[in-house]
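The values are calculated or read from the model by the stated rules, or taken from the named source; none is laboratory data. Remember, predicted model here, so these are calculated numbers, not experimental data. Please note: Cβ atoms are built from the backbone with ideal geometry, for glycine as well, and neighbour counts cover all protein chains shown. Keep in mind that these areas ignore ligands, DNA and RNA; they rest on the heavy atoms of the full protein, side chains included. Shrake-Rupley method; radii C 1.70, N 1.55, O 1.52, S 1.80 Å.
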Amino acid sequence: MSDTPAPATSPIRKTALNAMHRQMGGKMTEFGGWDMPVEYSGIIPEHRAVRERAGLFDVSHMGELAVRGHEALALVQHVTSNDASRLSLDQAQYSGLMTAQGTFVDDLLVHKFTDEHYWLVVNAGNCTKDFSYILAQNHFQAQVDNVSDGYTQLAIQGPRALAILQPLTSIALAPIKYYWFTIGKVLGVECIISRTGYTGEDGFELYFDPEHSEKVWTGLLEAGKSSGILPCGLGARNTLRMEAGMALYGHEIDDTTTPLEAGLGWITKLNKPEFLGQAVIEKQQQEGIRRKLVGFEMTEPGIGREGYPVLIGGKPVGHVTSGGPIPGQNRNVGMAYVPVELASPGAGIEIQIRARTVKAKQVPLPFYKRAR
Amino acid sequence: MAYPSNYRYTKEHEWVAPNGKTAKVGISDFAQNQLGDIVFVELPAVGAELKAGDALGTVESVKAVSEVYAPIAGKVKAINDELAKKPELLNQDPQGAAWMVEMELSDPADVNKLMDAPAYEKFVAEAAH
């Protein structure tokens with residue numbers, strides 16, 4: 001038996017909870033340059049806990065970049081595809097950090113603290129790259145700082161997240177709308193409390209001083225015990241976001257894919273002031289895209305995974321960007337790019353799984369949508 | 001879980017349970033634990049002739065795909081059909097009910113080239129660090 005070895009990288013970084021993860025029996029793996037738990041009790045039970053009850057994730061490996069100054073908005077608008085001018089104070093927005101070619105440097109969350117203070121949450125493995133990139137694009141009166149080391153980020157996700165978190169804070173959480181945040185104390189620790197997450201479930205993301213990491217982590221697990229909360233690793237985070245049809249950088253999106261191809265036209269506001277790559281995306285919108293991200297479900301035994309060739313009528317047409325079994329759904333699904341003229345829900349495709357060509361069919365994304 | 005003392009083991013975490021000219025083959029408890037929840041198993045055709053190191057099958061967990069290799073040369077005499085229906089058996093009883101194939105060995109003496117239980121246990125303890 002053998003696994004594909006993880007690529008060798010420069011010094012592996014650790015979150016403030018690294019010792020805690022090991023002590024609690026987390027199975028550790030390298031992810032985006034960080035030593036992170038992939039699972040505790042298993043991806044299947046952790047995935048189901050988030051869908052049915054609650055799960056807690058350490059996502060401190062994510063990066064935070066602060067953009068300040070009277071032209072902070074101008075810089076954010078210039079480098080991102082969504083319209084940050086639409087944000088109210090205490091509101092967050094999913095967006096793309098764009099290349100001049102209209103492809104992704106990264107995807108990110110833009111938070112608005114004040115008119116002169118925006119806060120970007122970026123992917124772990126891209127943080128250094130994103131920071132340099134934004135600095136290079138900073139032809140504005142804006143100050144950009146990588147403030148990642150100042151924050152532990154925990155995500156409590158699932159239908160019981162609100163009920164678990166509420167007794168730990170005096171802030172009324174129910175009025176916080178999806179993609180809004182507030183600042184207040186949780187377990188006595190000053191936090192940014194954001195109603196966001198990347199699991200397709202209701203929940204909150206907490207950002208706070210790493211000094212208090214173990215206190216908040218154990219406090220949340222203790223408070224959620226009777227509700228059936230589970231500590232979760234990045235394995236379940238991946239199956240949850242895939243089931244919810246959410247793109248992941250390095251998989252569905254990267255510096256070769258545009259938002260329109262990835263089905264992310266909704267984060268691309270072409271009528272806002274100029275942003276990087278806008279002209280390319282405009283042109284693509286007029287002329288049409290050539291390929292499109294679709295969902296698929298295996299109709300024969302087999303698991304179509306990332307990188308596997310996609311065939312239509314025996315002819316290679318693309319590749320799987322993410323794929324695997326969905327815990328609890330008894331389906332093997334995935335996402336793949338196919339030529340736009342062949343993208344059609346219900347249409348058959350084949351996935352090349354090692355020596356076998358295995359049948360699948362295109363299905364609409366997402367594979368799961370929570371009731372609201 | 002202990003490693004049965006009458007089995008032999010490979011560095012790739014397969015086990016061989018010799019029984020005269022035949023042997024059952026599977027993956028070790030360490031292997032299933034590394035993989036996590038197993039959801040899919042592919043086995044060779046009965047009658048396949050394998051050399052040591054040839055691909056024997058594939059075990060897939062939620063997260064990963066792992067090739068399983070033939071620990072020694074021989075011919076596939078039987079496969080464990082139960083694994084197609086219940087891949088999770090590989091998590092539950094990897095060194096017992098979840099045997100993967102039964103082989104007719106080309107040379108039963110080949111088994112002696114593999115690690116015995118104490119040697120494998122030591123190997124795994126080192127791999128865990």
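Please list, in order along the stretch A:264-271, the HN-Hα scalar couplings obtained from phi with the Karplus expression 6.51 cos²θ - 1.76 cosθ + 1.60 (θ = phi - 60°), rounded to whole Hz, x for Gly and Pro.
10, x, 5, 9, 10, 9, 6, 8
Once the other residues with Cβ under 11 Å from the Cβ of B:Tyr69 are scored (Lys, Arg +1; Asp, Glu -1), what is the net sum? List each step's numbers first, then the result.
Details: positive: B:Lys11, B:Lys51; negative: B:Glu12, B:Glu14, B:Asp54, B:Glu67.
That sum, taken over residues with Cβ under 11 Å, equals -2.
Eigenvalues of the Cα gyration tensor times 5, then square-rooted: what semi-axes does that give for the protein assembly as shown, in whole angstrom, largest first?
Equivalent ellipsoid semi-axes, largest first: 44, 28, 19 Å.
Between A:Gly63, A:Tyr198, A:Pro366, whose Cα lies farthest towards the positive end of the dipole of chain A when Lys and Arg beta carbons carry +1 and Asp and Glu beta carbons carry -1, centred on the Cα centre?
The Cα lying farthest towards the positive end belongs to A:Pro366.
Per residue of chain A, what 222 nm ellipticity follows from adding -39500 (n - 2.57) for every DSSP H run with n ≥ 4, rounded to the nearest 500? Write down the numbers at each step before the final one.
On the way: 8 runs with 71 residues, N = 372.
So the helix-based figure for chain A works out to -5500 deg cm²/dmol.
Ignoring everything but the protein chains, give the 1.4 Å probe accessible area of A:Phe367 in square angstrom, nearest 10.
In the full protein context, A:Phe367 sits at about 20 Å².
With a cut-off of at most 11 other beta carbons within 10 Å, and DSSP calling the residue loop, which GluC sites (Glu not before Pro) in the stretch A:180-281 qualify? Please list them.
Working: sites: A:Glu190, A:Glu201, A:Glu205, A:Glu211, A:Glu214, A:Glu222, A:Glu243, A:Glu252, A:Glu261, A:Glu274; in loops: A:Glu201, A:Glu252, A:Glu261, A:Glu274.
For GluC sites (Glu not before Pro) across the stretch A:180-281 that sit outside H, G, I, E and B with at most 11 neighbouring Cβ atoms in 10 Å, the list reads A:Glu274.
Would you mind counting up the charge near B:Tyr120? Only other residues with Cβ under 12 Å from its Cβ, with Lys and Arg at +1 and Asp and Glu at -1.
On the way: positive: B:Arg8, B:Lys11, B:Lys122; negative: B:Glu12, B:Glu14, B:Asp29, B:Asp116, B:Glu121, B:Glu126.
After counting each charged neighbour, the total is -3.
Counting only heavy atoms of protein chains, what accessible area per residue, in Å², does the stretch A:284-335 have with a probe of 1.4 Å? Don't jump to the answer; show the numbers that get you there.
Details: 2420 Å² over 52 residues.
It amounts to 47 Å² per residue over the stretch A:284-335.
Percent antiparallel among DSSP beta bridges with both residues in the protein assembly as shown, to the nearest 5? Walk me through the numbers on the way to the answer.
Numbers: 109 of 114 bridges.
Counting only bridges with both partners in the protein assembly as shown, antiparallel ones make up about 95 percent.
Residue by residue through the stretch A:166-183, what is 3J(HN,Hα) from phi via Karplus (6.51 cos²θ - 1.76 cosθ + 1.60, θ = phi - 60°)? Round to whole Hz and write x for glycine and proline.
Working through the residues one at a time gives 4, x, 8, 9, 8, 6, 6, 7, 4, x, 6, 7, 4, 6, 10, 9, 8, 10 Hz.
Take chain B, mark every one of the trypsin sites (Lys or Arg not before Pro) that falls in a DSSP loop and has at most 15 other Cβ within 10 Å, then report the longest stretch left between them, sites excluded.
On the way: sites that count: B:Lys11, B:Lys21, B:Lys51.
The longest such stretch corresponds to B:52-129.
State which entries of A:Lys215/A:Lys269; A:Lys112/A:Lys215; B:Lys21/B:Lys63; A:Lys14/B:Lys86; A:Lys283/A:Lys369; A:Lys315/B:Lys24 exceed 30 angstrom in Cα-Cα distance in the structure shown. All intermediate terms of the calculation are to be shown ahead of the outcome.
On the way: A:Lys215/A:Lys269 41 Å; A:Lys112/A:Lys215 27 Å; B:Lys21/B:Lys63 36 Å; A:Lys14/B:Lys86 37 Å; A:Lys283/A:Lys369 32 Å; A:Lys315/B:Lys24 40 Å.
Result: A:Lys215/A:Lys269; B:Lys21/B:Lys63; A:Lys14/B:Lys86; A:Lys283/A:Lys369; A:Lys315/B:Lys24 exceed 30 Å.
Estimate for me the total accessible surface buried between chains B and A (protein heavy atoms, probe 1.4 Å, no ligands or nucleic acids), in Å² to the nearest 100. Walk me through the intermediate numbers first.
Numbers: alone 6740 and 16010 Å², together 20980 Å².
Summed over both sides, the interface buries about 1800 Å².
Under a Cβ-only charge scheme (Lys and Arg +1, Asp and Glu -1), can you give me the dipole magnitude of chain B about the Cα centre, in debye to the nearest 20? Provide the component values of the computation, followed by the final result.
Working: 12 positive and 20 negative charges, 42 e Å.
Magnitude of the dipole: close to 200 debye.
If you take every residue apart from B:Asp54 with its C-beta less than 15 Å away from the C-beta of B:Asp54, what net charge results, scoring Lys and Arg +1 and Asp and Glu -1? Don't skip to the end; give the middle numbers.
Working: positive: A:Arg354, B:Lys51, B:Lys75; negative: B:Glu12, B:Glu14, B:Glu42, B:Glu49, B:Glu67, B:Glu104, B:Asp110.
Surrounding charge for B:Asp54 is -4.
Name the residues of the stretch B:30-53 whose accessible area falls by at least 40 Å² when all protein chains are present instead of the chain alone, probe 1.4 Å?
B:Asp37, B:Phe40, B:Glu42
Could you work out, residue by residue across A:37-49, how many beta carbons of other chains sit within 10 Å of that residue's beta carbon, and then give the average as an integer? Before the final figure, lay out the partial values.
On the way: counts 0, 3, 5, 0, 1, 5, 6, 6, 1, 2, 2, 0, 0.
Mean inter-chain Cβ contacts per residue within 10 Å come to 2.
How large is ³J(HN,Hα), in whole Hz, for each residue of the stretch A:227-234 in order, when computed from phi with the Karplus curve 6.51 cos²θ - 1.76 cosθ + 1.60 and θ = phi - 60°, using x for Gly and Pro?
Coupling constants for the stretch A:227-234: 8, x, 5, 10, x, 10, x, 6 Hz.
If you count, for every residue in B:59-72, the Cβ atoms of partner chains within 10 Å of its Cβ, what is the mean? Write down the numbers at each step before the final one.
Values: counts 1, 7, 9, 15, 15, 6, 8, 4, 5, 2, 2, 0, 0, 0.
Mean shielding count: 5.
State the Cα centre-to-centre distance between the stretch A:24-86 and the stretch A:286-323 in whole Å.
26 Å
When only alpha-carbon atoms are used, what values of Rg and Dmax, in angstrom, describe the stretch A:283-372?
Computed over the Cα atoms of the stretch A:283-372, radius of gyration and Dmax are 13.3, 43 Å.
Carbon and sulfur: what percent of chain A's accessible surface (1.4 Å probe)?
Numbers: 7900 of 15060 Å².
It is 52 percent, rounded to a whole number.
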